[in-house]
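In what follows, a single structure is set out as C-alpha cells and then discussed.
The values are calculated or read from the model by the stated rules, or taken from the named source; none is laboratory data. These numbers come from a predicted model, not from an experiment. Using ideal geometry, Cβ is built from the backbone for each residue, glycine included, and neighbour counts are taken over all protein chains shown.
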Amino acid sequence: MEGTRKSIWDEVKRIDLVDYLDTLGIRPQKIRNNDYWYLSPFRQEKTPSFKINRNQNVWFDHGSGEGGTIIDFGAKLFQCTYHEFIEKLTKGNFPDLPKATPKPSADRPEANKLEIIRVCELSNSELVRYLKERAINPELAKRYCHEVEFRIGSRSYIAVGFVNRSGGYELRNSWFKGSSSPKDISLISTGQDKVSVLEGFIDFLSALQIENRTIRQLTHHSDFLVLNSLRMVNRALPIIHPYGRVNLFLDNDLAANHVKDTLKANGILYRDASPLYDNSKDLNEHLVSTKRLGQSKDEEQTLRPHRKSRGMRM
C-alpha cells in the first residue's frame with residue numbers, strides 16, 4: 001500500500017505545472033526561457049510575482065516566499081491537505097495524466113496542449129455517473145452540455161463539456177477540472193430583465209434543480225451568466241450592466257468577495273443569494289446535501305413501523 005501511495009505521489013509531481021494552471025484558466029503574463037511568470041493565484045496584484053520553472057517543474061511565489069511542487073500548489077490553492085488534493089485530482093483511481101515535458105522549442109508544437117477532438121451528445125456512462133454523484137439530472141445536463149473528447153499530448157480523455165460564448169469548453173469529469181481555449185464567459189439568455197450570476201456550470205445546473213423556494217423565485221424568468229472563472233468578472237461587466245436585477249449565486253469563500261467588490265465599484269446593484277446556502281461551500285454542495293437529506297427522510301419513513309388502526313372510538 002505504501003509503495004502504491006508513493007508511486008501515485010511521484011506521478012502527480014510529474015504533471016506539467018504550466019499545463020495544469022492553464023486548465024484552471026491561469027495564463028502566464030510573461031515567459032523568459034524556462035521561467036513562466038504569473039499574477040499570483042493567491043492574492044490580487046498588478047505585477048507578476050509567481051514563477052514556474054518549467055524545466056524543473058516547480059513554482060515559487062516571491063510575494064510570500066513559498067514554493068514547491070504541484071502538490072504544494074494544489075494544497076495551498078484549494079486550502080486542503082496534500083492527501084485531499086491528490087484525492088481531489090485522482091478520486092482514488094489514478095488515471096493517465098499529462099506529464100511534465102521540457103519547454104518546447106520554437107519549431108515544435110506544445111506537447112501537452114489541450115485539443116478538442118470530438119463533441120457529441122452526452123451519453124457516456126461514466127460521465128452520467130459523475131453527474132449523478134453531483135446530484136445533477138443527466139437529462140437536464142444534456143440540454144446545456146455535451147460529451148467532449150479531448151487530447152493532452154498523446155493521451156485522449158472524455159469529459160462533460162459546457163461551451164462558452166467564444167466556442168471554448170469548460171471540461172469536468174470525476175478527476176479533471178479544466179478548459180479548452182479560448183477561455184470566456186457563458187450567457188444563457190431568453191431576453192429577461194434579471195440575470196443570475198454563477199461561478200461554474202455545475203452551479204448553474206444546480207440552480208435549475210434546487211427546491212429552495214426563495215432560490216427558485218430568484219432564478220424564475222432569469223437569464224444566466226456563468227463566469228467559468230472569477231477572473232472573468234471584468235469581461236462580464238458590460239453584459240451585467242443593462243439588467244434591472246442581478247442575483248449572485250457565488251461560492252461562500254473569500255474569492256467571491258472580490259467579485260462583489262468589483263460589481264460595487266462599477267455601480268452594479270445586486271442581491272447576494274449566498275446566505276441562502278451559507279452552510280455549504282457552493283450551490284452544488286447545497287444541492288447534494290439537500291438531496292441526501294431527502295433520501296434519508298424517505299428511508300426513515302420506509303423503515304418506520306406502521307401502527308395498526310384501532311378504529312373509531314364511540
Q) Which residues, counting only those in the stretch 200-215, are more than 18 Å from Tyr144 (Cβ to Cβ) and among the charged types (D, E, K, R)? A) Glu211, Arg213
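For the subset of the stretch 215-232 comprising residues that are among the aliphatic types (A, V, I, L, M) and under 18 Å from the mean Cα position of the chain (by Cα), which member is surrounded by the most Cβ atoms within 10 Å (Cβ to Cβ)?
As a first pass, look at the stretch 215-232 and keep what is among the aliphatic types (A, V, I, L, M): 215, 218, 225-227, 230, 232.
Of the ones still in play, those that are also under 18 Å from the mean Cα position of the chain (by Cα) are 225-227, 230, 232.
Details: Leu225: 23, Val226: 27, Leu227: 22, Leu230: 18, Met232: 20.
The selected residue is Val226.
Looking only at residues in the stretch 197-214 that are within 21 Å of the chain's Cα centre (by Cα) and within 15 Å of Leu276 (Cβ to Cβ), which one is surrounded by the fewest Cβ atoms within 10 Å (Cβ to Cβ)? Quick ask: steps written out before the conclusion?
Filtering the stretch 197-214 down to residues within 21 Å of the chain's Cα centre (by Cα) leaves 197-210.
Pick out the ones that are also within 15 Å of Leu276 (Cβ to Cβ) and you get 197-198, 203, 206-207, 209-210.
Details: Val197: 27, Leu198: 27, Asp203: 23, Ser206: 24, Ala207: 24, Gln209: 16, Ile210: 24.
So, considering only residues that are within 21 Å of the chain's Cα centre (by Cα) and within 15 Å of Leu276 (Cβ to Cβ), the one surrounded by the fewest Cβ atoms within 10 Å (Cβ to Cβ) is Gln209.
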Q. When you go through (1) closer than 27 Å to Ile185 by Cα; (2) part of a helix (DSSP H, G or I); (3) among the aromatic types (Phe, Trp, Tyr) one by one for Trp9, which number turns out not to apply?
A. (1)
Q: Give, as residue ranges, the helices (runs of 4 or more DSSP H) completely inside the stretch 110-227 that count at least 3 residues that are in contact with a helix residue (DSSP H, G or I) (Cβ under 7 Å, 6 or more places away or on another chain) and of a type in the set (Val, Ile, Thr).
A: 213-219
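Test Ser154 against the criterion of being without any contact (Cβ under 8 Å) to a residue 24 or more places away in the chain, closer than 18 Å to Trp175 by Cα, loosely packed, with under 13 Cβ neighbours inside 10 Å and among the hydroxyl-bearing types (Ser, Thr, Tyr), and give yes or no.
Values: without any contact (Cβ under 8 Å) to a residue 24 or more places away in the chain: yes; closer than 18 Å to Trp175 by Cα: no; loosely packed, with under 13 Cβ neighbours inside 10 Å: yes; among the hydroxyl-bearing types (Ser, Thr, Tyr): yes.
It is false that Ser154 is without any contact (Cβ under 8 Å) to a residue 24 or more places away in the chain, closer than 18 Å to Trp175 by Cα, loosely packed, with under 13 Cβ neighbours inside 10 Å and among the hydroxyl-bearing types (Ser, Thr, Tyr).
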Q: Could you please tell me which pairs satisfy a Cβ distance under 6 Å, a separation of 6+ or placement on different chains, a first residue in the stretch 54-73 that is at positive phi, and a second residue that is assigned to a loop (DSSP other than H, G, I, E, B) and at pLDDT below 90?
A: Asn57/Ala100
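Can you tell me how many residues within the stretch 233-270 are assigned to a strand (DSSP E or B) and either buried (at least 16 other Cβ atoms within 10 Å of the Cβ) or within 21 Å of the chain's Cα centre (by Cα) (or both)?
Of all residues in the stretch 233-270, those assigned to a strand (DSSP E or B) come to 245-249.
Checking the rest, the ones that are also either buried (at least 16 other Cβ atoms within 10 Å of the Cβ) or within 21 Å of the chain's Cα centre (by Cα) (or both) come to 246-249.
Residues meeting the conditions: 4.
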